[in-house]
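The values are calculated or read from the model by the stated rules, or taken from the named source; none is laboratory data. Treat the numbers as computed from the prediction; the structure is a model and nothing was measured. Note: ideal-geometry Cβ built from the backbone for every residue, glycine included; neighbour counts use all protein chains shown.
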Amino acid sequence: MRRKITLDHIAQQAGVSKFTVSKALSGQSGISLDTRDRVMRIATQLGYFLQQQAPSSATARSKRVGTLKSVLICMPNVRTQTLESHYWGRIVDGITDELVALGISTVILTEHASVSAVHAINMEHMLGIIGVGYVSTNLLISLKNHDVPLVLIDHEDPAVSCDLLYVDNFTNSVQLVQHLIGLGHRSIAFVGDVAFSPSFAERYRGYCTALQKNGIDLPDVSDVFRVSGEVNDDTIAFFTITLDQLQKNGTLPTAFMCANDELAIAMMNALQTKGLRVAQDVSVVGFDDIDEAADAIPSLTTVHVPKKTLGKRAVHALLARVKEPSLPYERILLSGNLVFRHSSDTLHS
């Protein structure tokens, strides 16, 4: 008879404590990504997720809410989607906090636990699945084929039908640009690649709509700053070189709306490298309200995204889907709110 795999077995193989294993499998913070991935990989190899008995009948399956106590959180470690992210990580915190309060455990799939790992997990024992950010089509199809309720946060894919959660990127972007226009700015550039994510695309759409409503044409530099949301030293160098060219040509915008806070902070660094004063010479606004936004110099005007609330609301949507699987799928929008700080100011002549 096959022995039961316990947390002690996993801890021994991984060379960590039983407490660390418990935190890794439940999705709690406080451990490194490498440790979490190693624990997940060893747990999968030992068959920890396979040892649960699946429901033996359709009746047992229909009692999923009352008998099953695990939710699978799928967040492949791509782009900036990591548990350490001040954006994505806070969403996961909201999910796990709500599940812990409800007495429901979690399992997290990362880049090292992709389609092959899904087959190693007894999906019949899962209450449902919450996808956070971009998830590949292949993985989504594999998950959906298990006929387990699925909710996606800040991502959608035409290959699967499920409940979706977003912040209201469009409306909040309109409000953000309207704020700049109210300060007297009419040359406002958008920073970010619309192909990077659905959120970037919606933020750009809001930007264009606000300009159009106020009779403002897209600036000539509207395609210059189409960069991804993954910020590094090359991003700041690119901004610095491009700003230099625009300044020489006399086409430097008076304000920048950035698709996220990381891009906005990088833009402020580039402007300051050029000797330009943020707010007094050029205004900059961001989106998301990550922790660094308030600490930036100057502090960043942005849109506060209720990240933990997004995670908690996803749990509620999942449980509602489990309870009433035949209801129409929903697209749920949560509103963010503008946070006015010191990176934006009245246009000076």
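Quick check: is even one residue across the range 153-162 over 30 Å from residue 282 (Cβ atoms), assigned to a strand (DSSP E or B) and among the acidic types (Asp, Glu)? No, there is no match, as no residue in the range 153-162 is over 30 Å from residue 282 (Cβ atoms), assigned to a strand (DSSP E or B) and among the acidic types (Asp, Glu).
Here residue 213 qualifies as modelled with pLDDT of 90 or more, out of contact with any Lys or Arg (no Cβ under 8 Å at 6 or more places or on another chain), closer than 30 Å to residue 332 by Cβ and not polar (S, T, N, Q).
Meeting the requirement of 2 or more residues that are buried (at least 18 other Cβ atoms within 10 Å of the Cβ), in contact with a helix residue (DSSP H, G or I) (Cβ under 7 Å, 6 or more places away or on another chain) and modelled with pLDDT of 95 or more, the helices (runs of 4 or more DSSP H) wholly within the range 256-328 are 261-273, 307-323. For the range 163-201, name all the residues that are part of a loop (DSSP other than H, G, I, E, B) and out of contact with any helix residue (DSSP H, G or I) (no Cβ under 6 Å at 6 or more places or on another chain). Within the range 163-201, 168, 183, 184, 185, 186, 187, 193, 195, 196, 197 qualify.
Looking at the structure I just gave you, is residue 200 within 25 Å of the chain's Cα centre (by Cα), in contact (Cβ under 8 Å) with a residue 40 or more places away in the chain and closer than 25 Å to residue 165 by Cα? So residue 200 passes the test.
Mind listing whichever residues of the range 336-349 are within 24 Å of the chain's Cα centre (by Cα) and either loosely packed, with under 13 Cβ neighbours inside 10 Å or basic (Lys, Arg) (or both)? 337, 340, 341 - these are the residues of the range 336-349 that are within 24 Å of the chain's Cα centre (by Cα) and either loosely packed, with under 13 Cβ neighbours inside 10 Å or basic (Lys, Arg) (or both). Among helices (runs of 4 or more DSSP H) entirely within the range 1-115, having at least 1 residues that are in contact with a Gly (Cβ under 7 Å, 6 or more places away or on another chain), within 25 Å of residue 334 (Cα to Cα) and modelled with pLDDT of 80 or more singles out 88-101. For the range 309-330, the set of residues classified as under 12 Å from residue 153 (Cβ atoms) and among the charged types (D, E, K, R) consists of 312, 313, listed by residue number. If I filter the range 217-226 for residues that are surrounded by 17 or more Cβ atoms within 10 Å (Cβ to Cβ), small (Gly, Ala, Ser) and part of a loop (DSSP other than H, G, I, E, B), do I get at least one hit? Within the range 217-226, one or more residues are surrounded by 17 or more Cβ atoms within 10 Å (Cβ to Cβ), small (Gly, Ala, Ser) and part of a loop (DSSP other than H, G, I, E, B).
Name every residue in the range 141-157 that is touching a strand residue (DSSP E or B) at 6+ places or on another chain (Cβ under 7 Å) and over 18 Å from residue 319 (Cβ atoms), in order of residue number. Residues satisfying the conditions are 144, 154, 155, 156. With respect to the conditions (1) out of contact with any helix residue (DSSP H, G or I) (no Cβ under 6 Å at 6 or more places or on another chain); (2) buried (at least 22 other Cβ atoms within 10 Å of the Cβ), residue 151 lacks only one, and its number is (1). The residues of the range 190-214 that are out of contact with any Cys (no Cβ under 7 Å at 6 or more places or on another chain) and among the aliphatic types (A, V, I, L, M), listed by number, are 194, 195, 201, 210, 211.
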